[in-house]
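Read the figures in this text as sums done on the coordinates, not as results from a lab. Keep in mind that this is a model prediction, so the values were computed, not measured. Counting neighbours? That spans all protein chains shown, and the Cβs are built from the backbone with ideal geometry, glycine included.
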Amino acid sequence: MIPLGDDNPTLRLAVLTIGIIVLNAIIFGYQLTLGSSADVFAFTEGFAFACEFGVVPEHVVNDPAGSANPCVEESLTRPGWMSLVSHQFLHGGWLHLGGNMLFLWIFGNNIEDRLGRIRFIPFYLLCGVIAAVGQILVEPGSEIPLIGASGAISGMLGAYLVLYPRRKILTLIYVFPLKIPAWAWLAIYFGLQFLLLGDSATAGGGDVAYVAHIAGFIAGAALILPFAIGRPETANRPDPFPLEMRL
């Protein structure tokens with residue numbers, strides 16, 4: 001279920017959303033020069049970078065000194081609180097980056113349009129921080145770095161559900177592009193996080209921080225209206241996909 005677009009055009013160019021996408025791409029390009037960050041069994045330069053700027057729960061919770069784990073040792077070069085922000089701009093691969101940036105563009109531009117450029121960045125970063133804290137709470141002793149914008153972007157999805165539940169999401173299901181109501185699309189997304197989590201406290205047996213997705217989504221849904229206080233509501237906009245699209 002891949003989102004391709006929505007019927008909710010913005011009134012202004014989403015320059016901050018574009019800026020975040022560009023910044024993530026630049027940082028990922030730098031990561032590529034360091035080598036793979038995915039191999040936790042080989043302490044490569046790329047993995048060291050992920051440890052330094054990603055969230056290592058063991059560091060954030062316990063702030064250990066003299067740890068035998070090289071990733072924890074590397075994380076100690078930066079304050080633990082800083083990683084709650086910096087981890088949002090690192091990614092573990094092309095699919096990780098591409099998927100996150102696609103979701104950010106489709107859903108984040110409307111949140112930027114609604115909040116305005118002054119409030120959007122604090123809202124985005126706060127959702128990412130809360131997402132990371134949620135992951136830390138379920139695995140406080142983890143020595144593996146948490147990286148990626150998924151938590152913050154899940155916050156954009158939660159906010160979108162509150163603000164635009166009746167809009168339509170153009171979605172690719174297998175090879176069929178269909179328009180799905182935003183409330184249904186986002187409910188499926190949220191439910192899938194629990195389904196994929198399974199009986200694991202953190203990553204459903206894989207390398208995805210589903211708890212961070214859940215925490216970010218809830219944060220976005222809960223905080224969007226307080227953040228939007230005083231901002232004028234956007235008017236109804238024309239549907240850029242007026243005809244049902246099917247192959």
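Around the amide H of residue 6, modelled in the peptide plane, lie the amide H atoms of 170, all under 5 Å away and 5 or more residues distant in sequence or on another chain. Residues whose amide H comes within less than 5 Å of that of residue 179, counting only those at least five positions distant or on another chain, are 171, 245 (H built at 1.01 Å from N in the peptide plane).
Protection proxy ranking for 176-189, 83-96, 142-155, 120-133, using the average of other Cβ atoms within 10 Å per residue and placing the highest first: 142-155, 120-133, 83-96, 176-189.
The residues packed around residue 53, meaning those with a beta-carbon under 11 Å from its beta-carbon, carry a net charge of -1 if Lys and Arg are +1 and Asp and Glu are -1.
Ordering 135, 163, 107 by the projection of their Cα atoms onto the charge dipole of the chain, which places +1 on the Cβ of Lys and Arg and -1 on the Cβ of Asp and Glu, puts 163 at the extreme positive end.
Only helices enter this figure: runs of n ≥ 4 DSSP H residues, each worth -39500 (n - 2.57), summed and divided by the residues of the chain, yield -17000 deg cm²/dmol at 222 nm to the nearest 500.
Got a sec? Charge dipole of segment 2-228, +1 on Cβ for Lys and Arg, -1 for Asp and Glu; which of 215, 47, 71 is way out at the positive end? Looking along the dipole axis, the top candidate is 215.
Phi-derived couplings, Karplus 6.51 cos²θ - 1.76 cosθ + 1.60 at θ = phi - 60°, listed residue by residue for segment 24-31: 4, 5, 5, 5, 5, x, 5, 4 Hz, with x used for Gly and Pro.
Counting Lys +1, Arg +1, Asp -1, Glu -1, what net charge surrounds residue 144 among other residues with beta carbon under 10 Å of its beta carbon?
Values: positive: none; negative: 58, 139, 143, 207.
Net charge in that neighbourhood comes out at -4.
Of the options [x] 21.1, 70; [y] 33.2, 106; [z] 18.4, 62, only one is Rg and Dmax of the Cα atoms in Å as computed from these coordinates, and that is [z]. Cys residues of the chain that find no other Cys beta carbon under 4.7 Å: 127. How far is helix 117-138 tilted off the main Cα axis of the chain, in degrees rounded to 10, range 0 to 90? Roughly 50 degrees, rounded to the nearest 10. Of the residues 94, 192, 28, the one whose Cα sits farthest towards the positive end of the charge dipole of segment 2-228 is 192 (charges of +1 on Lys and Arg Cβ, -1 on Asp and Glu Cβ, taken about the Cα centre). Our coupling estimate for segment 212-217, obtained by passing each phi through the Karplus curve with A = 6.51, B = -1.76, C = 1.60 and θ = phi - 60°, is 5, 4, 5, 5, x, 4 Hz, Gly and Pro reported as x. Working note: Karplus 6.51/-1.76/1.60 with θ = phi - 60° gives segment 173-184 the couplings 10, 6, 10, 9, x, 10, 9, 10, x, 4, 4, 6 Hz, where Gly and Pro are set to x. Each Lys and Arg Cβ is given +1 and each Asp and Glu Cβ -1; about its Cα centre, segment 2-228 then shows a dipole of about 1220 debye. When 58, 45 are sorted by how many other C-beta atoms sit within 10 angstrom of their C-beta, beginning with the fewest, the order is 45, 58.
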